[in-house]
1. In terms of solvent-accessible area of protein heavy atoms at a 1.4 angstrom probe, what is the ranking of 159, 106, 179, 141, highest value first?
2. How long is the chain along each principal axis, judged by its Cα atoms, biggest number first, in Å?
3. Could you put 8, 50, 168 in order of accessible surface area, largest first, with the 1.4 Å probe and the full protein assembly present?
4. For segment 96-186, what D do you get in µm² per second when you plug the Kirkwood radius from alpha-carbon pairs into Stokes-Einstein at 4 °C and 1.567 mPa s?
5. Assign unit charges at the C-beta atoms only (+1 for Lys and Arg, -1 for Asp and Glu), then state the dipole size of segment 119-171 relative to its Cα centre in Debye, rounded to the nearest 20.
6. Which value, in Å² and to the nearest 10, is the accessible area of residue 83 when all protein chains are kept and the probe is 1.4 Å?
7. Out of 53, 110, 135, any idea which swings most in a Gaussian network model of the chain, alpha carbons joined below 10 Å?
8. Whose amide H sits under 5 Å from the amide H of residue 145, counting only residues 5 or more places off or on another chain, with H placed in the peptide plane?
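The values are calculated or read from the model by the stated rules, or taken from the named source; none is laboratory data. In this text the structure is predicted, and so the values were computed from the model without any measurement. Cβ sites come from the backbone with ideal geometry, for glycine too, and all protein chains shown count toward neighbours. Please note that ligands, DNA and RNA were not included when accessible areas were found on the heavy atoms of the full protein model with its side chains. Shrake-Rupley method; radii C 1.70, N 1.55, O 1.52, S 1.80 Å.
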Amino acid sequence: MPRVSQDHLDARRRQILDGARACFARYGYEGATVRRLEEATGLSRGAIFHHFRDKESLFLALAEDDALRMADVVAQQGLVQVMRDLLSAPEPDAEHPADWLGTRLEVSRRLRTDPEFRGRWAERSRQLTDATRQRLVRQREAGNLRDDVDIDVLTSFLELVLEGLVSHLAMGLPADDLEPVLDLVEESVRRHRRSGS
């Protein structure tokens, strides 16, 4: 039997994650049945669960993958850019669901309702916090960040705004007028240089 290359395994894993992301965004965690996951990925349940132990492991891998991608955006452009990306993404019910939003909404819902999931997710959720904190430290060192508020407080503030935005979008409330709100959030953490000093 020929050995399967690592590139092939990686491509198959990516195919599963991409299909599962669309399925979870469209149907939610409970509604993403094995049959729907098979349809969304184009693979059999055996192929899917060869790579992931069970549906929760698949969902956690997907959420972790999205958190890592969000952390990359944070490292380059900040957490407010992640929020802007959520605003510009299509609706989760659209034919091409928003990558981060669908997963983020489902993570938020499961954190509220599933204590076991909350414990497993806590182990994986540090990437975004760490990336946000590191970005803020770099911005402070460059003189761009206000220095009258502790970095940990600013990190918590931005994360709280993100969660509020996710909740807002989850409720289906209008989001087309939120860009100025994000401008205000961004401005609130910047250092303001006093004129004449």
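1. Heavy-atom accessible area, descending, gives 141, 179, 159, 106.
2. For the chain, the Cα extents along the three principal axes come out at 75, 39, 30 Å.
3. Most to least solvent-accessible, the answer reads 50, 8, 168.
4. 87 µm²/s
5. So the magnitude is around 240 debye.
6. Counting only protein heavy atoms, residue 83 exposes about 0 Å² to solvent.
7. Looking only at 53, 110, 135, the largest GNM fluctuation is found for 53.
8. When sequence neighbours closer than 5 places are left aside, the close amide H contacts are 140, 191.
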